[in-house]
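These notes are about the structure you will find just below.
The values are calculated or read from the model by the stated rules, or taken from the named source; none is laboratory data. Worth saying up front: this structure is predicted, and the values here are computed from it rather than measured. Backbone-built Cβ (ideal geometry, glycine too); neighbour counts: all protein chains shown. Just so you know, the surface numbers come from the protein's heavy atoms only, side chains and all, with ligands and any DNA or RNA stripped out. Shrake-Rupley method; radii C 1.70, N 1.55, O 1.52, S 1.80 Å.
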Amino acid sequence: MKAVVKTKHAKGMEYVNVPTPKMGLRDVLIKVRAASICGTDVHIYDWTRWAQHRFTPPRIIGHEFVGTVVKIGEEVTLAGVGNRVSAESHLTCRYCYQCKNGYSEVCRNFKLLGIDHDGTFGEYLVLPEHVVWKNEENIPDEWATIQEPFGNAVDTVLSEDVSAKTVLILGAGPIGLFATGIARACGASLIIVSDPNNYRLSISKKMGAHITVNPRRQDIVQIALDVTQNNGVDVVLEFSGNNQALNQGLKAITPAGRISILGIYERRVNIDLNKEVIFKKVRIYGITGRKIFSTWYKTSRFLSSGLVDPSPIITHQFPLKDYEKGMKLMKDGKCGKVVLTV
C-alpha cells in the first residue's frame with residue numbers, strides 16, 4: 001500500500017510503498033478514506049527539537065482520520081465490517097491506575113497513533129477495537145476527520161461552564177478556531193480571539209468571535225480590560241504555546257477567573273505566580289487529549305446536530321500524495337485545517 005512515512009532522522013518525509021499492516025485477534029483493519037494534518041505532523045516533518053526527542057523513524061505518521069472497517073479479528077465484538085469509523089489517538093492500556101480511575105487520557109502506558117504506532121497517512125490502518133469510534137451517518141467525512149482535535153477544544157472550553165461568560169482565546173490555529181465555535185454554541189457572551197495571523201483571525205470571525213486582535217499591533221491586555229469595564233475576562237483559553245501570550249492571558253483574567261491551557265511550550269515558561277495566579281485566586285486547568293470516550297460523545301453531538309459548523313476551518317483538501325502542499329500551507333499559516341483524501 002501507499003503511505004507517507006517518516007523514514008529518516010532528518011527533515012522531510014516520503015510517499016512510498018509499504019506492506020499492508022497485520023492484524024491481531026482484537027484488531028480491526030480499516031481502509032482510510034481521509035486524514036487531516038495536525039501541527040504535530042508538521043513538527044515531525046520539520047524534525048523539530050520536540051520531534052527529535054519523541055519520535056523514532058521509520059513510522060507512518062498521522063492520527064486524525066475517517067475510514068471503513070474492512071476486516072475484523074476473531075475476538076472483535078464491537079466493530080463490524082462496513083462500519084465508518086474514526087479513533088482515539090491515545091492507545092490506552094485500560095489497566096493502569098489512571099485508566100481504572102476514569103483518567104485514561106493520561107494512561108501511564110499509552111501509545112500515540114502516528115508516533116508510537118503506525119498512523120493514518122496510508123491506505124490501510126490496524127487498530128485495537130477498544131479505541132475505535134463509530135461515526136454518525138450525517139457527519140461528512142471531512143468533518144469526521146477532525147473529531148480528535150475538536151475534542152481537545154471541547155475539553156479546553158468546557159473545563160468549566162462558559163455560558164454568559166467573557167472569553168479570551170489565545171491562538172487561532174485550528175483548535176483555537178474550533179474552540180471559538182464551541183464557546184459561541186455554549187453561550188459565551190463575549191469572545192475575543194488573539195493571533196498574529198490575520199488570515200486565521202478572519203476565520204475566527206466566521207466561527208463567532210466578537211472581537212479579533214493582532215497582538216503584534218494591538219495591546220490585547222488593554223483591549224480585554226477596556227471591553228470588560230476594567231474587570232478582565234472570566235475565562236482564558238490558551239492554545240498558542242507562547243510564553244508571552246500566556247502572560248498576557250494571566251494579566252487579562254479577572255480575579256477568581258479560570259485559564260485552561262492546551263498549548264505546548266518549547267521551553268520552560270516564566271510567569272508571576274504570586275501576582276497573576278495565587279493572589280488573584282486563578283484556577284488553572286492543564287488539558288491533554290480528550291476524555292475517553294465522554295468527550296467523543298459531546299464532539300459527535302456538536303457536529304451532528306449542527307451546533308458547530310467547522311466548514312470555515314476546513315480550508316484545503318489534497319490527495320494523500322500531495323501531502324507536502326498541506327505541510328507548506330500549515331507552516332506558512334495560510335490555511336485552517338488541511339484534509340488529505342486517500
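Separation of the stretch 186-226 from the stretch 250-300 is 18 Å, based on Cα centroids.
Enumerate by residue number the trypsin sites (Lys or Arg not before Pro) in the stretch 250-342 meeting two conditions: DSSP loop (anything except H, G, I, E, B), and at most 15 other Cβ atoms within 10 Å of the site's Cβ.
Details: sites: Lys251, Arg258, Arg267, Arg268, Lys275, Lys280, Lys281, Arg283, Arg290, Lys291, Lys298, Arg301, Lys321, Lys325, Lys328, Lys331, Lys334, Lys337; in loops: Arg267, Arg268, Lys280, Lys281, Arg290, Lys291, Lys334.
Here the trypsin sites (Lys or Arg not before Pro) that fit, given the DSSP loop and packing criteria, are Arg267, Arg268, Lys281, Lys334.
Taking a ≥ b ≥ c as the square roots of the eigenvalues of the Cα gyration tensor of the stretch 1-129, is the shape rounded (a/c under 1.5), prolate (a/b larger than b/c) or oblate? Oblate, because a/c is 1.5 or more while a/b does not exceed b/c. Of the trypsin sites (Lys or Arg not before Pro) found in the stretch 1-92, those in coil by DSSP whose Cβ has at most 12 other Cβ atoms within 10 Å are Lys8, Lys11, Lys22. In this rough spin-label picture, where each label sits 7 Å from Cα along the Cβ direction, the Gln229-Leu273 distance is 3.5 nm.
Counting only protein heavy atoms and a 1.4 Å probe, the chain has 45 square angstrom of accessible area per residue. The Gln317 and Glu74 beta-carbon pair, evaluated with R₀ = 25 Å, returns a calculated FRET efficiency of approximately 0.10.
In a reduced charge model with +1 at each Lys and Arg Cβ and -1 at each Asp and Glu Cβ, the stretch 202-331 shows a dipole moment near 260 debye about its Cα centre.
Given the -39500 (n - 2.57) contribution per DSSP H run of 4+ residues, what per-residue ellipticity at 222 nm results for the chain, rounded to the nearest 500 deg cm²/dmol?
Values: 11 runs with 94 residues, N = 342.
Mean residue ellipticity, 222 nm, calculated: -7500 deg cm²/dmol.
Would you mind calculating the gained length between Lys134 and Asp46 on full extension (0.36 nm times residue separation, minus the Cα-Cα distance), in nm to one decimal? Please list the in-between numbers first.
Numbers: separation 88, 0.36 × 88 = 31.68 nm, distance 3.28 nm.
Going from the current span to full extension adds 28.4 nm.
For the stretch 35-187, which whole-number percentage of the solvent-accessible area (1.4 Å probe, protein heavy atoms only) is attributable to carbon and sulfur atoms?
Values: 2780 of 5730 Å².
Using a 1.4 Å probe with all protein chains present, the stretch 35-187 comes out at 48 percent carbon and sulfur.
Please check: in the Gaussian network model of the chain (C-alpha springs, under 10 Å), which one of Met330, Met23, Met13 has the largest mean-square fluctuation. Of the options given, Met23 has the highest mean-square fluctuation. Rounded to the nearest 10 degrees, the angle from helix 243-252 to the longest Cα principal axis of the chain is 50 degrees.
What size of dipole, in debye to the nearest 20, comes out for the chain about its Cα centre when the only charges are +1 on Lys and Arg C-beta atoms and -1 on Asp and Glu C-beta atoms?
Values: 43 positive and 33 negative charges, 110 e Å.
Magnitude of the dipole: close to 520 debye.
Going by accessible area, probe 1.4 Å, with all protein chains left in place, what is the ranking of Glu74, Glu238, Glu142, largest first? Could the numbers behind the result be given before it?
Values: Glu74 165, Glu238 0, Glu142 65 Å².
Putting Glu74, Glu238, Glu142 in descending order of accessible area: Glu74, Glu142, Glu238.
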